[in-house]
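Below: the structure, in structure tokens.
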Amino acid sequence: MSAAVGLLPVDLLTFGESMVSLRSAGPLSAGGALTMHVAGAESNVAVGVARLGHSVSWAGVVGADPHGEFILRQLRAEGVRLQHREDATRRTGVMFLEHRTADVTRAFYYRSGSAGSTLSREDVGRALEQGARILHLTGITAALSPESRKAVQYAAERAAADGTVVSLDVNYRSKLWSREEAREVLTPLVRHASIVIASDDELGLVASAPAGTQNPDAVESAMAAELLGLGVSEVVVKRGAAGAGVHTADGRWETPAVPVTSIDTVGAGDAFTAGYLSALLDGAEVAGRLQRGALTGAFAVSTAGDWEGLPARTELALLATTPGGTTQR
């Protein structure tokens, strides 16, 4: 992608809604202290990639309020370049995160009509002018509003036409739209994507499950083959504690999850994506990308917060000696 005059292209550009997350250590109904954090799939990835030593830009809209100021300050502190707009007529989105039990976390969103949902084609167009090696998109932004949906569609088409690597994480959120609505919007987007990332239960939103077989492995392979046939270069499947896999025209790779003590699984998928894209930027082969994704995912689940525990490049070695490896099938 060509860069605007005076601007140096970044390694990764992403855009979407970032919110203030108010976290509770116990049931919200019981009261107690809340801690304030930044939450957002795209900004999670932005922070993760920046910590690994790459240049990153995040574009979005925040309200002209203390919550928006907090988000901008946090992202700047992480070395993320901002291409944002402040909307004085709308508020920054807020979510409450409740750790109900050690294994159950519940989120309560207050984002309807938020500043972040007004992200437009014009906002995205300005961000694209800088240029980037990778454009990272998620299905969350496309679900926020018709305006944001058009912004995602425009960005995917423009970046692909300019030869930029387009990464699309399905990131389905049932509180934002139905599976049928998501399928209708996301299926056309994959034609512009170089990399499609999905959890094993999201793959069916961008590909058709084959008839006549109930074998999960065969179903996944068939859906991945369909996406590869549409021009996608890599189909990345996240399986949480079961590891991750990648399908390409050259074959299939699998890696187990790095065994760690799980503390907080929120943001783990975004952490994996950050590691995977970072390794791609470094020129690593598929196996190396999977391994780094597994490592960054392990850092995320073994620390509290969406992104606070993500590693710097020099810290990857802290977990790199953990047993596990990538296999080609």
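The values are calculated or read from the model by the stated rules, or taken from the named source; none is laboratory data. Predicted model, so just to flag it, every value in this text is computed and none were measured. Just the protein is used for accessible areas: all its heavy atoms, side chains included, with ligands, DNA and RNA removed. Shrake-Rupley method; radii C 1.70, N 1.55, O 1.52, S 1.80 Å.
Of the beta bridges in the chain, as assigned by DSSP with both residues counted there, near 40 percent are antiparallel. Counting protein heavy atoms only, the chain has 52 percent of its accessible area on carbon and sulfur, 1.4 angstrom probe. Coupling constants for the range 225-237 follow from the phi torsions by the Karplus curve (6.51 cos²θ - 1.76 cosθ + 1.60, θ = phi - 60°), and in residue order they are 4, 4, 5, 4, x, 8, x, 5, 8, 9, 10, 9, 10 Hz; glycine and proline get x.
In the context of the full set of protein chains, the chain has a per residue accessible area of 42 Å² (1.4 Å probe). Using a Gaussian network model of the chain in which every pair of alpha carbons under 10 angstrom is joined by a spring, one finds that among Leu137, Leu119, Leu281 the greatest mean-square fluctuation is at Leu281.
Which shape class applies to the range 78-220: rounded if a/c is under 1.5, otherwise prolate when a/b exceeds b/c and oblate if not, where a ≥ b ≥ c are the square roots of the Cα gyration tensor eigenvalues? Note, shape of the range 78-220 comes out oblate.
When Cα extents along the principal axes in Å is calculated directly from the model, which label among [x] 52, 47, 42; [y] 66, 51, 36; [z] 76, 59, 40 fits? Only one option fits the structure, namely [x].
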